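Structure first, commentary second.
The values are calculated or read from the model by the stated rules, or taken from the named source; none is laboratory data. Quantities reported herein were computed from a predicted structural model and do not represent experimental measurements. Methodologically, a virtual Cβ is constructed for each residue, glycine included, from the backbone with ideal geometry; neighbour enumeration extends over all protein chains shown. With ligands, DNA and RNA removed, areas are computed over all heavy atoms of the protein, side chains included. Shrake-Rupley method; radii C 1.70, N 1.55, O 1.52, S 1.80 Å.
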Amino acid sequence: MKPGKARKDRPKGPKSFSRSGSKRVERSAVARPEKRDNRIKDKRDDRRPEKRDDRRSEKRDDRKGFKKPVRVNDRELKRDDRRPERSEKRFDRKQFSQDAVAGKNSVVEALRAKVPAKELIVAMKVEIDEKISEAIRLAKNSDLPIKEMPRRALEDLTGSANHQGIALVIKPFNYTEFSKLLTSAKKPMMLVGLDGITDPHNLGAVVRSAAAFGADGVVIPERRNAAMTGSAWKASAGAAARMPISQVTNLVRSIEDAKKAGCFVVGLDAEADTSLAKMNLASESIFIIVGSEGKGLSRLVREKCDLVVSIPMQSSVESLNASVATAIVMYQVAAERSK
């Protein structure tokens, strides 16, 4: 066969020539078209950016409890992978549940009233003034441990940023059992029960008035009522150390037990029809139940009362504070007993 001439059995098509030395080599593009097309396609694919294969993530999504993270792009994905995990809690916040009195004046008053306390907390680098010096001196005289703490940790402890750099951690109050309260009370006894008093300052004021007018004890429910916290201790002005206080699970059941012990149960409500002046119970044991200023007595407690009385007032005043109303009733009973 002469050079430069194609064989008759080859398919006709465009020809391409390449030099090999001085000889011309004749190549046909249509000899194996599918192979050449694949080569062209591979070259085009090499120029395109590679797409991220999500098959691996799809397999991971099938696992139990795995949630596929939502990310905007690959750059954000790499940034998240490089970011180290940071702890959310800077300080130990287990002490946040502890009861504490915060503020210079409040801490000094609590130490003067000899409120049972665990320790005195002073913020680091706080300016030592006259009040803080007095608090430290009173804590040392009471053999209380004094501890320094960062301001951020002191905020977590007190739950407020207005601690003025000092706080007093209060011990849990030692409540008296209601059965022991009934047996140790003198005859005729006078007990005070609180129904829905959520303000600890009102509770402390009631305890202070109860000690002033010769009551034998104060009864508070565990739920929906204030407890003997540091604020209640401070409001009682030290009377809580001398007054037996019982915290009961069910106030209605306590009323029934008091009736068995010979108590006449008197409820105090602003909407009652009977006036306080008509109550002549000085010679009998009495259990006074006081409701909240807004809601008054609860339905079940009101049904268990033997008598519901109100304090006469001018029409311009809707109701009295719970602690003030309790003090008026106890004064009325104490005045009749002193005759």
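Structure above, values below:
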{"quantity": "Flag for Asn202 being in contact with a strand residue (DSSP E or B) (Cβ under 9 Å, 6 or more places away or on another chain) and surrounded by fewer than 21 Cβ atoms within 10 Å (Cβ to Cβ)", "calculated": "no"}
{"quantity": "Qualifying residue in the stretch 212-225 (condition: closer than 20 Å to Asp306 by Cβ, without any contact (Cβ under 8 Å) to a residue 12 or more places away in the chain, open to solvent by 10 Å² or more (accessible area, probe 1.4 Å) and not hydroxyl-bearing (Ser, Thr, Tyr))", "calculated": "no"}
{"quantity": "Conditions (1) on the phi < 0 side of the Ramachandran plot; (2) not in a helix (DSSP H, G or I): number failed by Ala327", "calculated": "(2)"}
{"quantity": "Residue that is modelled with the lowest pLDDT [pool: residues in the stretch 131-177 that are part of a strand (DSSP E or B) and under 30 Å from Asp216 (Cα atoms)]", "calculated": "Ile170"}
{"quantity": "Candidates Gly294, Gly267, filtered to the one that is assigned to a strand (DSSP E or B) and of a type in the set (Gly, Ala, Ser)", "calculated": "Gly267"}
{"quantity": "Selected residue (only one of Ile328, Ile311 is open to solvent by 20 Å² or more (accessible area, probe 1.4 Å) and at pLDDT below 85)", "calculated": "Ile311"}
{"quantity": "Residue in the stretch 150-167 that is open to solvent by less than 10 Å² (accessible area, probe 1.4 Å) and on the phi > 0 side of the Ramachandran plot present", "calculated": "yes"}
{"quantity": "Qualifying residue in the stretch 257-272 (condition: open to solvent by 20 Å² or more (accessible area, probe 1.4 Å) and under 28 Å from the mean Cα position of the chain (by Cα))", "calculated": "no"}
{"quantity": "Condition check for Thr249: of a type in the set (Val, Ile, Thr), more than 16 Å from Val329 (Cβ to Cβ) and open to solvent by 40 Å² or more (accessible area, probe 1.4 Å)", "calculated": "yes"}
{"quantity": "Within the stretch 283-308, tally of residues that are surrounded by 15 or more Cβ atoms within 10 Å (Cβ to Cβ), modelled with pLDDT of 85 or more and within 33 Å of the chain's Cα centre (by Cα)", "calculated": "8"}
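Okay, residues lined up against (1) in contact with a strand residue (DSSP E or B) (Cβ under 8 Å, 6 or more places away or on another chain); (2) touching a residue at least 12 places away in the same chain (Cβ under 8 Å); (3) among the hydrophobic types (A, V, I, L, M, F, W, C):
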| site | (1), (2), (3) |
| --- | --- |
| Lys278 | yes, yes, no |
| Leu281 | yes, yes, yes |
| Ser285 | yes, yes, no |
| Glu293 | no, yes, no |
| Leu307 | yes, yes, yes |
| Gln314 | no, no, no |
| Tyr331 | no, yes, no |
